[in-house]
Amino acid sequence: MSTRSFRLTPDAYRRICGIALALLAVIVVTGAAVRLTGSGLGCSDWPTCEEDRFVPEADFHGWVEFGNRLLTGLVSAAVIGAVLGSMARRPRRRDLEAWSWGLVAGVVAQVLLGGIVVLSHLNPWLVLGHFALSMVLVANAVLLHHRAGDHGRRDGAASTRVRRLTVALVGLATLVLATGTLVTGSGPHAGSRDDPIARLPIVVREAARVHGSTVVLLLVLVAALVMAIHRDAPHLRPMAHLLVVVVGAQAAIGWTQYFTGVPVLLVGFHVAGATALWMAVVKIHLSAADPRPVDAATTSTRVEAAP
């Protein structure tokens with residue numbers, strides 16, 4: 001059945017994009033689980049698990065690594081669904097099609113980079129690049145989900161002050177994630193228990209201090225943004241409250257793991273929190289940045305008339 005005869009409402013397409021977003025967030029956490037369980041070289045080859053085997057033997061680390069690869073298949077299916085859905089959505093929008101293809105490009109790049117990471121024996125710089133690319137993909141998915149169901153139901157415009165603060169928030173959150181990856185790359189969880197894995201030539205204590213300083217700045221900025229939203233953009237208050245919860249929990253987990261010797265479980269929660277924080281930051285920026293009803297403003301140039 002062609003996309004011309006099969007039609008999706010904006011809300012139905014938004015649900016498809018929500019599934020893709022959820023899976024992209026989950027695979028970030030499962031990818032961290034591969035590293036934290038020492039399973040990064042559970043499969044030492046790529047795309048097969050071993051040089052002469054497609055699947056691992058009855059080995060815990062091998063199946064953790066291979067299971068993460070299998071999850072990539074679900075992510076790929078969801079991303080393909082987002083692309084096909086963008087073509088079936090009515091009214092049809094070219095911007096949504098472009099952003100859905102961005103997910104495809106990102107997943108392909110992730111698969112290729114993941115293979116290089118394994119073949120490079122978990123080079124820490126490449127591992128950090130793998131995480132950074134994941135955050136780009138998550139941001140793309142948040143944007144697509146945000147715009148997918150947008151058909152003239154915006155709640156209103158945010159003030160210039162709020163918009164500028166959300167721009168600053170995106171920039172500072174990016175810095176927080178970047179410094180956090182440096183702590184990870186120089187820390188004890190290298191990704192493999194049996195093989196010596198190189199670490200970044202950075203003193204982990206110093207990297208943690210820099211990261212902690214950026215987190216403090218982030219907390220101050222979030223406080224300023226919340227006050228501005230309560231005064232100038234009441235429709236953003238629910239998202240602001242969610243942002244406060246996520247940032248507060250993430251900061252608490254981060255400091256707790258540092259003072260308790262970075263236990264594996266807390267590091268896993270910290271990675272999940274970082275992903276949730278990034279999603280919340282991108283979402284609140286998008287909600288504040290463009291109050292224009294997209295479908296209503298682009299119908300004449302971007303909508304394909306129904307047959």
Name every residue in the range 140-161 that is modelled with pLDDT under 90 and surrounded by 22 or more Cβ atoms within 10 Å (Cβ to Cβ), in order of residue number. ALA158
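Quick check: is even one residue across the range 127-142 of a type outside the set (Val, Ile, Thr) and free of Cβ contacts under 8 Å to residues at least 40 places away in the same chain? Walk me through how you get there before you give the answer.
So the first thing to find is which residues in the range 127-142 are of a type outside the set (Val, Ile, Thr), and the list is 128-135, 137, 139-141.
Add one more test, that the residue is free of Cβ contacts under 8 Å to residues at least 40 places away in the same chain, and what stays is 129, 133.
Yes, the conditions are met somewhere in the range 127-142.
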Condition first: under 23 Å from VAL247 (Cβ atoms), modelled with pLDDT under 95 and surrounded by fewer than 16 Cβ atoms within 10 Å (Cβ to Cβ). Can you find one or more residues in the range 193-203 that meet it? no
Assuming ARG92 fulfils every condition listed in (1) of a type in the set (D, E, K, R); (2) farther than 30 Å from ILE229 by Cβ; (3) assigned to a helix (DSSP H, G or I) apart from one, which condition is it? (3)
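Given the criterion charged (D, E, K, R) and under 30 Å from ALA198 (Cβ atoms), identify the matching residue among ARG94, ARG69. Even if it seems obvious, please write down each step before you answer.
Values: ARG94 fails: under 30 Å from ALA198 (Cβ atoms).
Matching residue, one of ARG94, ARG69: ARG69.
Would the range 189-198 turn up any residue that is among the aliphatic types (A, V, I, L, M), in contact with a helix residue (DSSP H, G or I) (Cβ under 7 Å, 6 or more places away or on another chain) and touching a residue at least 60 places away in the same chain (Cβ under 8 Å)? Full working, then the answer.
Step one: of the range 189-198, the residues among the aliphatic types (A, V, I, L, M) are 190, 197-198.
Of the ones still in play, those that are also in contact with a helix residue (DSSP H, G or I) (Cβ under 7 Å, 6 or more places away or on another chain) are 198.
Narrowing further to those that are touching a residue at least 60 places away in the same chain (Cβ under 8 Å): 198.
So far as the range 189-198 goes, yes, one or more of its residues are among the aliphatic types (A, V, I, L, M), in contact with a helix residue (DSSP H, G or I) (Cβ under 7 Å, 6 or more places away or on another chain) and touching a residue at least 60 places away in the same chain (Cβ under 8 Å).
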Scanning the range 35-68 for residues that are surrounded by fewer than 18 Cβ atoms within 10 Å (Cβ to Cβ) and not in a loop (DSSP other than H, G, I, E, B), which turns out modelled with the highest pLDDT? GLY67
Of the conditions (1) among the hydrophobic types (A, V, I, L, M, F, W, C); (2) under 25 Å from ILE16 (Cβ atoms); (3) within 21 Å of the chain's Cα centre (by Cα), ALA88 satisfies every one except a single condition; which number is it? (3)
Name the pairs: first residue in the range 28-46 and touching a residue at least 60 places away in the same chain (Cβ under 8 Å), second residue aromatic (Phe, Trp, Tyr) and assigned to a helix (DSSP H, G or I), Cβ to Cβ under 6 Å, at least 6 apart or on different chains? CYS43/PHE66
Criterion violated by GLU97 - all others in (1) free of Cβ contacts under 8 Å to residues at least 40 places away in the same chain; (2) surrounded by fewer than 15 Cβ atoms within 10 Å (Cβ to Cβ) satisfied: (2)
Under the condition of being among the β-branched types (Val, Ile, Thr) and in contact (Cβ under 8 Å) with a residue 24 or more places away in the chain, which residue from the range 219-249 is surrounded by the fewest Cβ atoms within 10 Å (Cβ to Cβ)? VAL246
Considering (1) at pLDDT 80 or above; (2) among the acidic types (Asp, Glu); (3) closer than 30 Å to LEU119 by Cβ, say which one ASP95 fails and leave the rest. (3)
Restricting the range 77-94 to residues that are touching a residue at least 40 places away in the same chain (Cβ under 8 Å) and over 16 Å from ASP11 (Cα atoms), which is surrounded by the most Cβ atoms within 10 Å (Cβ to Cβ)? VAL79
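The values are calculated or read from the model by the stated rules, or taken from the named source; none is laboratory data. Computed from a predicted model, the values in this text were never measured in an experiment. Note that each Cβ is placed from the backbone with ideal geometry, even for glycine, and that neighbours are counted across all protein chains shown.
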